[in-house]
Amino acid sequence: MQSKQRIFYAVILALGLVWIFVSADRDGASTNGLIPAPRAGFLAPDFTLETMDGDMVKLSDLRGQAVIVNLWATWCPPCKAEMPALQKVYEEYKSRGLVILAINSTVQDDAQAIPAFLAEYGLTFPVLLDVNNEAGRLYQLRSLPSTFFIRRDGTISEVVIGGPMAEALLRTRVEEILK
Amino acid sequence: MIEVIQSWFAPPRHTILLVLALWFGWWLAEKIVKREQKINEAAFSNLTFYGLLAFVLGGRILYALDNLAAFMSSPASIFSPNPQLFDPFLGGAAAVVTMLVYGQRNKLPFWPTLDALTPLFAALMVGLGAAHLAEGSAFGKETSLPWGIDVNGLTRHPSQIYEIVLAFFVLNLIGTRGPLPRAGAQFLTFLAWTSAARLFLEAFRGDSVLVFGSLRLAQILSWVVLAFALFALNRLQSTQSVAN
């Protein structure tokens, strides 16, 4: 009985080993960050949006830099609450290659309220206008704020839905994407 | 159905599924302890409570210590409701240490207590699968099979559904069968089934961490855990045979 059980266990382990080799990812079935999608482990979907100053910003042009994409609106209380932390972290880390793209979900906001909002919180990072909900669609925006931490290679390291984000959260994630 | 779950429990609400699983698992474990009368009910209940408390507090405090520079700049972040400021592995370690200390002080027998906690672990595995589904994480690799689901424009294996189904199977196995003759057998059986399930299902995942070029790390780790569980089960059987 005992030896039969041992043989049974040995067969299970042998089958397990065979399965590991049979199911090895030889054809790159894992994403490896090659497919664009708004999820951790995927390539950040590319977009081109206009800034408040009329300049165009294309996400893929920032490859090589760590990027935080933050979707927000002026009427959203948690967006307001996390803006000072975002600004503080931006000031500390921009010299090390951090870029923050604050995408205003203009399709559901009042564009005229933005300058007063930026002045109130003293925001100096680029603010992009998502007038046609292009970024909202690409990033499957379901809730504001939504934040995407993007590594230098363009892959998403982490997604934080909702807020406000604590300053320590921002710092730990920025350190991660700056590596 | 999947869309409904993903809408109702979209992040950060997906953690509700884990809390529900935890509540159910705890209820089931206490019910079985009451029925089998192998260990003290009140001591078991306290053990679980202190373990959970240590998990929550330990996960946050140890995370803060691990990222001390970030928290020194903004100490108030320690009280932040952000669930991302949490290390589940360090929290788990804190829970294990707390439960070991409490168990020893209250003379709770090790293996029967671990067996009693097993329904809680099994329910949590179901909750974890459900949370993965709601969050859209732990997604599958591309497939042309008719039951594939759309993930960001690509048809993929519903790996989270596979995960839930197998976790339910293990929970059913653990939660419905009568007491096993050998202390530790319940937990080791759960460990063996769960690691075997992960070893099998990882092959259908599209987010595997690869090592040695193309091997999936989770499969290798699962195989090691499975080997340990089977070895320990075999030892239990041998000890029982000698005793008889």
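Considering (1) more than 11 Å from chain A (Cβ to nearest Cβ); (2) not in a helix (DSSP H, G or I), say which one B:Ser208 fails and leave the rest.
(1)
Under 8 Å by Cβ, and 6 or more places apart or on different chains, what pairs join a residue from segment B:26-41 that is part of a helix (DSSP H, G or I) with one that is surrounded by 16 or more Cβ atoms within 10 Å (Cβ to Cβ) and of a type in the set (S, T, N, Q)?
Every condition considered, the pairs that remain are B:Trp26/B:Thr48; B:Ala29/B:Thr48; B:Ala29/B:Thr118; B:Glu30/B:Thr48.
Determine, yes or no, whether B:Val97 is under 18 Å from the mean Cα position of the chain (by Cα) and either at pLDDT 95 or above or open to solvent by less than 70 Å² (accessible area, probe 1.4 Å) (or both).
In short, yes.
Here is a check on your reading of the model: is B:Gly175 crowded, with 21+ Cβ neighbours inside 10 Å and in contact (Cβ under 8 Å) with a residue 60 or more places away in the chain?
The answer is no for B:Gly175.
Name the one entry in B:Phe55, B:Phe79, B:Phe89, B:Phe71 that is touching a residue at least 40 places away in the same chain (Cβ under 8 Å), aromatic (Phe, Trp, Tyr) and either within 25 Å of A:Glu176 (Cα to Cα) or touching a helix residue (DSSP H, G or I) at 6+ places or on another chain (Cβ under 7 Å) (or both).
B:Phe55
Tell me which residues, restricted to segment B:211-228, are part of a strand (DSSP E or B) and either polar (S, T, N, Q) or facing another protein chain (nearest Cβ under 7 Å) (or both).
Selection gives B:Leu215, B:Arg216.
With (1) surrounded by fewer than 14 Cβ atoms within 10 Å (Cβ to Cβ); (2) of a type in the set (Lys, Arg); (3) within 14 Å of chain B (Cβ to nearest Cβ); (4) in contact with a Phe, Trp or Tyr (Cβ under 9 Å, 6 or more places away or on another chain) as the list, and A:Arg39 as the residue in question, which single condition is left unmet?
Of the numbered conditions (1) surrounded by fewer than 14 Cβ atoms within 10 Å (Cβ to Cβ); (2) of a type in the set (Lys, Arg); (3) within 14 Å of chain B (Cβ to nearest Cβ); (4) in contact with a Phe, Trp or Tyr (Cβ under 9 Å, 6 or more places away or on another chain), the odd one out for A:Arg39 is (1).
I'm trying to understand the selection: among the residues of segment B:212-227, which are open to solvent by less than 40 Å² (accessible area, probe 1.4 Å) and among the hydrophobic types (A, V, I, L, M, F, W, C)?
B:Leu215, B:Ala218, B:Leu226, B:Ala227, listed by residue number.
Looking only at segment B:184-201, how many residues end up being open to solvent by 50 Å² or more (accessible area, probe 1.4 Å) and either part of a loop (DSSP other than H, G, I, E, B) or polar (S, T, N, Q) (or both)?
Residues in segment B:184-201 being open to solvent by 50 Å² or more (accessible area, probe 1.4 Å) and either part of a loop (DSSP other than H, G, I, E, B) or polar (S, T, N, Q) (or both): 0 in total.
The values are calculated or read from the model by the stated rules, or taken from the named source; none is laboratory data. It should be emphasised that the depicted structure is a prediction, and the values quoted were computed from it without experimental measurement. Counting neighbours? That spans all protein chains shown, and the Cβs are built from the backbone with ideal geometry, glycine included. To get the accessible areas, we keep the full protein, side chains included, count just its heavy atoms, and leave off ligands, DNA and RNA. Shrake-Rupley method; radii C 1.70, N 1.55, O 1.52, S 1.80 Å.
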